[in-house]
Amino acid sequence: MRQVWVTMAEKKQSILIVRRDNIGDLVLTTPMFEAIRRRYPDAYIGVLVNSYNAPAIDGNMFVDDIFAYTKGKHAGSSVLGAHWRRLQLIWRLRRQRFDVVILPNGGFAARALRFARLLKPRRIVGFFSGTPPAGLTVPIAHAGGEHLHETEDICRLLAPLDVLGPIPGLTVVPDQALADKISAALPAAFARAAGPVVALHLSARKEKQRWPVDRFAELARQLHATHGARFLVFWSPGDENNPFHPGDDGKAARLLSKIADLPVAPVRTGALAELIAGLSLADFAVLSDGGAMHLAAGLGKPLVCFFGNSPARRWHPWRVPYELLQKPSEDVGDISVEEAVLAFGRLALVAA
């Protein structure tokens, strides 16, 4: 029998969702925010994130508060200060005496559970494997969840709250003032062109997710010839030889030089909010699996996405039109320009 301990009569609940992972993971959690809000419109909903991924949910209309802390590895020389601020945040959250803390990780997350226990909530909902751990007061067996999309999987944690029904789409909200600033700075030649705006994002964390620059260039030429497309180019900024934070400045420069005669504009994004604002200006996006792909999906953009050695069933774009290309070799380098052009054509027909 399904365990339900929140009833329709209990309208005023205080709920904290803890998601301290990567950008894409957090974006894929946003349907949970909306589902809870629609079921309990008067509930207090807070989200605990890290300072790196927090901008991905700035402006989310389904939450009341976003709490962020800086991980030690991101604190630079201020590690002690970061730890002190984290302790202050724990104390602040503990005083709120949450009714429910939800741990939406794709499996058992020991560190998240330890953190949640420090907050002394009335209940902690999360996944377990094997034997339910101490302190996980509403344990949900994760078995079988590995075969679901990440969003479908984590939304199973809402069943004890009696939150059922279709899972909503993703929610990403751009900073409109920042989007207007980026738009105003675009070259006149780009602004004069009238075709659809296609975002090309060049970067990917995994080597097998990286599509070659020459193919992006040829794809741009063919999409401009057949669809009149114009292009915004995105990448992870930085020197590719930097051992700590390698970037793709060189890769972007090579692409821009190859398609300089097309209506194209670089969008250098030194901050996550800039990436979101820039992507919001596009009509379509072509990019590899990763955080930027999920941000674009959260903005409602139709996507052509390249998948390498990550499971498409788990991480495909959620509830937007998309064309997913993945080869048996699990290397995006084996995806041809012709395949990408045909995929874009199919996508354009669906989005029309």
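The values are calculated or read from the model by the stated rules, or taken from the named source; none is laboratory data. Computed from a prediction, not measured in an experiment: that's the story for all the values here. Here the Cβ positions follow ideal geometry from the backbone for every residue, glycine too, while neighbour counts run over all protein chains shown.
Within the set of pairs 6 or more residues apart or between chains, which connect a residue that is surrounded by 12 or more Cβ atoms within 10 Å (Cβ to Cβ) inside segment 169-193 to a residue that is among the polar types (S, T, N, Q) and in a loop (DSSP other than H, G, I, E, B) with Cβ atoms less than 6 Å apart?
Once the first residue is surrounded by 12 or more Cβ atoms within 10 Å (Cβ to Cβ) and sits in segment 169-193, its partners that are among the polar types (S, T, N, Q) and in a loop (DSSP other than H, G, I, E, B) give THR171/ASN60; PRO174/SER280; ALA179/SER280.
If you take the residues in segment 107-134 that are in contact (Cβ under 8 Å) with a residue 40 or more places away in the chain and under 17 Å from ASN50 (Cβ atoms), which one is surrounded by the fewest Cβ atoms within 10 Å (Cβ to Cβ)? Write out each step before concluding.
First pass over segment 107-134, keeping only residues in contact (Cβ under 8 Å) with a residue 40 or more places away in the chain: 112, 115-116, 119, 121, 123.
Retained after the next criterion (residues that are under 17 Å from ASN50 (Cβ atoms)): 112, 115-116, 119.
Values: ALA112: 21, PHE115: 19, ALA116: 26, LEU119: 21.
Looking at the filtered set, the residue picked out is PHE115.
Taking the options ALA217, ALA177, name whichever one is within 25 Å of ASP331 (Cβ to Cβ) and modelled with pLDDT of 95 or more.
ALA217
Among the residues in segment 188-198, are any aromatic (Phe, Trp, Tyr) and within 22 Å of ILE23 (Cα to Cα)?
As a first pass, look at segment 188-198 and keep what is aromatic (Phe, Trp, Tyr): 190.
Retained after the next criterion (residues that are within 22 Å of ILE23 (Cα to Cα)): none.
No, every residue in segment 188-198 fails to be aromatic (Phe, Trp, Tyr) and within 22 Å of ILE23 (Cα to Cα).
Please go through segment 11-45 and give me each residue that is farther than 15 Å from LEU158 by Cβ and of a type in the set (Gly, Ala, Ser), ordered by number.
Of everything in segment 11-45, those that are farther than 15 Å from LEU158 by Cβ and of a type in the set (Gly, Ala, Ser) turn out to be SER14, GLY24.
Would you confirm, using the coordinates I've provided, whether LEU299 is in contact with a His (Cβ under 7 Å, 6 or more places away or on another chain) and either surrounded by fewer than 21 Cβ atoms within 10 Å (Cβ to Cβ) or in the same structural domain as ARG346 (by TED's automatic domain parsing) (or both)?
no
Sort through VAL172, VAL233, VAL198 and tell me the only one that's modelled with pLDDT of 95 or more and either assigned to a loop (DSSP other than H, G, I, E, B) or on the phi > 0 side of the Ramachandran plot (or both).
On the way: VAL233 fails: either assigned to a loop (DSSP other than H, G, I, E, B) or on the phi > 0 side of the Ramachandran plot (or both); VAL198 fails: either assigned to a loop (DSSP other than H, G, I, E, B) or on the phi > 0 side of the Ramachandran plot (or both).
Within the list VAL172, VAL233, VAL198, the selection yields VAL172.
Out of all the residues in segment 323-347, which are buried (at least 20 other Cβ atoms within 10 Å of the Cβ) and either over 20 Å from LYS208 (Cα atoms) or among the small types (Gly, Ala, Ser) (or both)?
Those that are buried (at least 20 other Cβ atoms within 10 Å of the Cβ) and either over 20 Å from LYS208 (Cα atoms) or among the small types (Gly, Ala, Ser) (or both): ALA340, ALA343, PHE344.
Residues VAL341, VAL286: which one is more than 27 Å from THR151 (Cα to Cα), modelled with pLDDT of 95 or more and not in a loop (DSSP other than H, G, I, E, B)?
VAL341
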